[in-house]
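These notes concern the structure reproduced below.
The values are calculated or read from the model by the stated rules, or taken from the named source; none is laboratory data. Please read all numbers here as calculations on a predicted model, not as lab measurements. Every residue, glycine among them, receives a Cβ derived from its backbone with ideal geometry; neighbour counts consider all protein chains shown.
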Amino acid sequence: MRKPRDFDAELKSLEDKARDLKARKVQQLGELVISTGADALSAEELAGALIVLAETKDAGKREAWAKRGAAFFQGRIRRTAPASDRDVSGAQPQPSSAQPASGSADAE
């Protein structure tokens, strides 16, 4: 005779895994914000830049941003793209920020 499955235990295990994955995702997003230097931005500026990115339908811009992101993860560049690659209309740099302008709009 087969042992019956414990659906409650399986469901709890899956919920635990989902919670762990969500916590890891949040941690990794925080690490990404810090490693890109975007932690120097206010929450409002960062949110605004992300909204502009999410609303952008221009495939060329999105592809350029994806290439920069891939290069960032491969370690080839760190906040050094020319201003022409950025869409600075979404977030204005903080006037009192000591960080160079190249670090203020990299969320795109």
Among the residues of segment 43-58, the number that are under 22 Å from Phe72 (Cβ atoms) and outside any helix (DSSP H, G or I) is 2
Whichever residue in segment 68-85 is surrounded by 12 or more Cβ atoms within 10 Å (Cβ to Cβ) and of a type in the set (Lys, Arg) and, among such residues, is modelled with the highest pLDDT: Arg68
Those residues that are of a type in the set (Asp, Glu) and outside any helix (DSSP H, G or I), I need them from segment 1-38; list them, please. Asp6
